[in-house]
1. Would you order 84, 57, 169 from fewest to most other beta-carbon atoms within 10 Å of each residue's own beta-carbon?
2. Classify segment 24-134 as rounded, prolate or oblate from the Cα gyration tensor: take a ≥ b ≥ c as the square roots of its eigenvalues, call it rounded if a/c is under 1.5, otherwise prolate when a/b beats b/c and oblate if not.
3. For segment 105-168 and segment 23-83, what is the separation of their C-alpha centers, rounded to whole Å?
4. Hey, rough spin-label estimate for residue 108 and residue 209, points 7 angstrom out along Cα→Cβ, what's it come to in nanometres?
5. List the pairs from 138/198; 118/177; 36/118; 177/198 whose alpha-carbon separation is above 24 Å, in the order I gave them.
6. Going highest first, how would you order 99-106, 118-125, 62-69, 39-46 by mean Cβ packing within 10 Å?
7. Once both labels are modelled 7 Å past Cα along the beta-carbon direction, what's the residue 145-residue 185 spacing in nm?
8. Residues of segment 133-177 with amide nitrogen under 20 Å from the 7 Å Cα-to-Cβ point of residue 124?
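Coordinate-derived values only; no laboratory data. As the structure is a prediction and not an experimental result, all values here were calculated from the model. Glycine also receives a Cβ, built like all others from the backbone with ideal geometry; neighbour counts cover every protein chain displayed.
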Amino acid sequence: MQLYDYFRSSASFRVRIGINLKGLVPERHFVHLTRKGGEQFADAFTAMNPQQLVPVLVDGDETMNQSLAILEYLDETYPSPPFLPTKPAGRARVRALALAIACDLHPLNNLRVLFYLKNEMGQSDEARNAWYRHWVAKGLAAFEAALAGDARTGTFCHGDVPGLADICLVPQIFNAKRLECPLDAYPKVMDIFGACMKLTAFDAAQPSKQPDAE
């Protein structure tokens with residue numbers, strides 16, 4: 001198994017957490033997203049992933065991208081511990097929470113979006129950071145409401161075992177902290193974040209502990 005990732009990539013962070021929870025140890029390849037114009041644009045990497053995004057996971061003859069697809073592949077291939085509940089309604093809830101981060105919140109704050117705002121739209125760093133904080137606030141407010149209003153929320157997003165939703169939430173909170181977004185309005189979110197970070201699988205996956213960290 002080989003993982004192509006970048007220490008600060010939220011999507012890569014998710015996959016690192018998942019790999020750690022499954023107890024896997026892949027060979028690591030680091031793709032720097034800003035050095036030399038972005039190593040993800042190199043021909044060799046583009047051949048692996050035409051989207052020119054990390055992460056990419058290679059497992060035997062299979063090459064796959066998109067963090068949630070990779071995580072579901074890992075869950076189906078290495079089923080213990082599971083990332084999803086056993087009951088269909090619970091699985092739907094966890095997927096919905098994960099997608100709220102991965103598909104609705106994170107893309108608006110993705111590095112390439114922020115670069116476009118700055119380089120193509122001519123937005124200042126201040127304006128770009130205001131954009132970032134606006135969408136973080138809206139996304140986390142909705143996530144907090146979903147957690148607080150559901151009895152299935154426990155120590156983690158769904159019950160007392162970490163799963164797919166927690167894997168998606170933690171990297172988003174790291175990003176929010178790095179951009180100094182106010183987080184006091186999301187007590188349940190932050191309680192869950194704290195519980196996750198007590199676990200080695202989450203802690204070891206954080207950006208500052210990666211070999212390519214800067």
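1. On the way: 84 21, 57 24, 169 27.
Result, fewest neighbours first: 84, 57, 169.
2. On the way: a/c = 3.11, a/b = 1.32, b/c = 2.35.
Judged from the Cα gyration tensor, segment 24-134 comes out oblate (a/c at least 1.5, b/c at or above a/b).
3. First find each Cα centre; the distance between them is then 22 Å.
4. 3.1
5. Working: 138/198 27 Å; 118/177 21 Å; 36/118 18 Å; 177/198 17 Å.
With Cα atoms farther than 24 Å apart: 138/198.
6. Numbers: 99-106: 19.2, 118-125: 10.8, 62-69: 17.1, 39-46: 13.9.
Top of the packing list down: 99-106, 62-69, 39-46, 118-125.
7. If labels sit at residue 145 and residue 185, their model points lie 1.1 nm apart.
8. 133-135
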